[in-house]
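The values are calculated or read from the model by the stated rules, or taken from the named source; none is laboratory data. All figures in this text were calculated on a predicted structure; none of them were measured in a lab. A quick note on method: Cβ atoms are made from the backbone with ideal geometry, for glycine too, and the neighbour counts reach across all protein chains shown. Remember, those area values only see protein heavy atoms, side chains included, never the ligands or the DNA or RNA. Shrake-Rupley method; radii C 1.70, N 1.55, O 1.52, S 1.80 Å.
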Amino acid sequence: QEHATSGWDRKTMRRCWDFLDMTSRSFAAVIKELEGDLARVVCLFYLVLRGLDTIEDDMTIPDDVKQPILRRFHEHTVTPGWTFDGCGPNEKDRQLLVEYDVVVEELHILQPEYRAIIVDICHKMQVGMADYAHRYAIATTGSADLPKTGGLHPEKAGGLHPEKVGGLHLEKAGGLHIEKTEDYDLYCHYVAGLVGEGLCRLFTASKKEAPWLGGELELANSMGLFLQKTNIIRDFREDVDDRRFFWPREIWGKGGPVGDLGFDNVQDLCGTDTTTVDGKPSVVDRALFVQSAMILNALNHAPDVLDFLRVLKNQSVFNFCAIPQTMAIATLELCFMNPAMFQRNIKIRKAEAAELIMSSTNPREVASIFRTYARRIHAKVTPRDPSFLGVGVVCGKIEQWC
Ligand code: PS7
Ligand code: MN
Ligand code: MN
Ligand code: MN
Ligand code: MN
Ligand code: MN
């Protein structure tokens with residue numbers, strides 16, 4: 001049964017399993033452990049979104065080239081023989097797109113109900129990615145015609161087209177920047193909240209989870225946002241070096257949650273000056289206060305995560321959902337008050353990750369892991385930090401959760 005639904009008898013599906021190992025550091029193991037046909041279905045879902053994300057991430061593709069590829073990706077993904085070799089040589093997952101026809105072929109023999117969910121989520125995500133990439137391209141070419149941000153609703157945000165904006169020809173290479181906290185949440189909804197929604201719909205379609213799980217959009221969104229925000233916090237330096245500014249100015253700028261201690265330029269958060277003048281916090285201290293505000297913003301999703309995990313029935317689905325979440329809270333604790341995060345990529349220790357994988361087996365255990373990390377975060381926050389009270393409140397909520 002397991003063998004039949006995993007597709008090991010087909011050359012194309014074997015290549016897809018190879019690509020899962022090649023493109024995913026964290027998800028490959030938990031996806032392969034999913035029960036029955038869910039392993040293959042989620043593997044293909046992952047590869048479709050990984051393909052799309054590889055195009056989004058490639059900052060060497062100019063906006064006017066990237067826009068039409070992103071906006072038609074849901075068509076390409078079901079077009080027999082479609083491949084793409086336009087990614088730069090440094091794009092780590094470019095080979096997946098070079099041989100993308102194997103994913104297309106497997107999607108064609110997938111049950112139509114599963115395929116429809118995958119294509120629908122892909123379509124919604126590509127629109128969001130294209131709109132955000134394009135908004136940056138306009139901002140950096142100096143046009144005053146910056147699209148209105150806050151009002152962009154996921155369903156309505158399909159209307160921007162490169163050639164239509166102020167008659168500008170956009171040659172600038174890619175990049176991305178976010179101004180408002182609500183734009184940050186919407187971007188994260190597109191690239192991760194929608195993944196949560198799609199996964200819940202796939203779980204429901206497989207009959208391994210309740211019929212109503214596919215409709216739990218709010219909690220599914222929080223599951224994605226908690227992972228995505230953690231990734232964006234940890235990868236700050238790498239992303240800034242690549243011209244990706246995900247941290248909203250509303251949080252790191254002056255007059256935000258850190259008030260006068262905010263910055264004028266986002267790059268300045270990487271400063272290493274530790275001198276205090278007339279008792280004013282140093283650059284390093286101010287950057288840590290901004291970091292606290294970002295981590296507090298992410299931690300606010302933690303109660304939803306614990307609520308979500310409580311409703312799952314299937315053990316393999318539980319492990320798949322829970323392990324990335326416990327890794328995420330451990331990563332937030334590692335980043336909290338850690339100035340090294342602004343200089344290089346920091347990662348939780350192998351032994352700590354192994355311990356988390358082994359103990360993320362049921363809702364009570366996961367809540368206890370969250371409690372442990374919440375306490376460690378609470379113990380590190382200083383009363384001088386503008387997020388002091390907020391961190392205390394959310395850590396209290398996590399500790400009280402039962
Ligand atoms: C289908 C498992 C479980 C209800 C490629 C899993 C990149 C954090 O910065 O690879 O590119 O290296 O570290 C994943 C909800 C999505 C959200 C999003 C699809 C949880 C394209 C994961 C993975 C929902 C956009 C990968 C969101 O991080 O990033 C499947 C429930 C892809 C989940 C991206 C990020 C995922 C991400 P980077 P990573
Ligand atoms: Mn990426
Ligand atoms: Mn991306
Ligand atoms: Mn982009
Ligand atoms: Mn990242
Ligand atoms: Mn990465």
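The loop-placed trypsin sites (Lys or Arg not before Pro) in the range 272-346, going by DSSP, that have at most 10 neighbouring Cβ atoms within 10 Å of their Cβ come out as R344.
Hydrophobic, long helices, defined as DSSP H runs whose alpha-carbon span along the helix axis is 20 Å or greater and whose mean Kyte-Doolittle value is at least 0.5, occur in the chain at 38-57, 283-299, 315-335.
The length gained on full extension between A29 and V277, counted as 0.36 nm times the residue separation minus their Cα-Cα distance, comes to 84.3 nm. Can you list the aspartates and glutamates whose alpha carbon sits under 14 Å from that of K254, skipping same-chain ones fewer than 8 residues off? Within the straight-line cut-off, K254 pairs with E179, D264, D268. In this structure, the residue pairs whose Cα-Cα separation is over 28 Å, taken from K11/K350; K92/K124; K32/K350; K124/K229, are K11/K350. The distance between label points at I109 and F388 comes to 6.3 nm (points 7 Å beyond Cα on the Cα→Cβ vector).
Projecting the Cα atoms of Q315, G51, A340 onto the dipole axis of the chain, where Lys and Arg carry +1 and Asp and Glu carry -1 at the beta carbon, places Q315 farthest toward the positive end.
With +1 on the Cβ of every Lys and Arg and -1 on the Cβ of every Asp and Glu, and nothing else charged, how large is the dipole of the chain about its Cα centre, in debye rounded to the nearest 20?
Values: 46 positive and 56 negative charges, 166 e Å.
That gives the chain a dipole magnitude of about 800 debye.
When the alpha carbon coordinates of the range 341-401 are projected onto the principal axes, the ranges are 37, 34, 12 Å, largest first. Using just its DSSP H runs of length 4 or more, each adding -39500 (n - 2.57), the chain gives a mean residue ellipticity at 222 nm of -18000 deg cm²/dmol after division by all residues. Using a probe radius of 1.4 angstrom, the carbon and sulfur fraction of the accessible surface of the range 1-60 is 51%.
Remind me, what semi-axes does the range 278-380 give for its equivalent ellipsoid, largest first in whole Å, using sqrt of 5 times each Cα gyration tensor eigenvalue?
Details: eigenvalues 176, 42, 21 Å².
Gyration-tensor ellipsoid for the range 278-380: 30, 14, 10 Å.
Average accessible surface for the chain: 43 Å² per residue, computed with a 1.4 Å probe over protein heavy atoms with every protein chain in place. Surface composition of the range 180-278: carbon plus sulfur atoms hold 47% of the accessible area, using a 1.4 angstrom probe and ignoring ligands, DNA and RNA.
Multiplying the residue separation of A116 and T83 by 0.36 nm and subtracting their alpha-carbon distance yields 9.8 nm.
Between the listed residues C270, Q400, V78, the Cα displaced farthest toward the positive end of the dipole of the chain, a dipole computed from Cβ unit charges relative to the Cα centre, is found at Q400.
Element breakdown for the range 290-345 at a 1.4 angstrom probe: carbon and sulfur atoms account for 50% of the accessible area. With no solvent and one equal point scatterer per Cα, compute the Debye intensity ratio I(q)/I(0) for the range 224-276 at 0.14, 0.16 Å⁻¹ and report its log10, rounded to two decimals. So the normalised log intensities work out to -0.41, -0.53.
With the largest listed first and rounded to whole Å, the semi-axes of the equivalent ellipsoid of the range 174-248 from the Cα gyration tensor are 29, 11, 9.
Measuring r between the beta carbons of M358 and E399 and using R0 = 25 Å, the FRET efficiency lands at 0.65.
Relative contact order, percent, of the chain when contacts are C-alpha pairs under 8 Å separated by at least 6 residues?
The value is 13 percent.
One equal scatterer on each Cα of the range 182-314, no solvent, Debye formula: the resulting log10 I(q)/I(0) at q = 0.14, 0.20 Å⁻¹ is -0.69, -1.08. Once you divide the Cα radius of gyration of the chain by 2.2 N^0.38 Å, the number left is 0.99. Taking only the Cα atoms of the range 8-148, the ratio Rg/Rh comes out at 1.00, with Rh defined as the Kirkwood radius.
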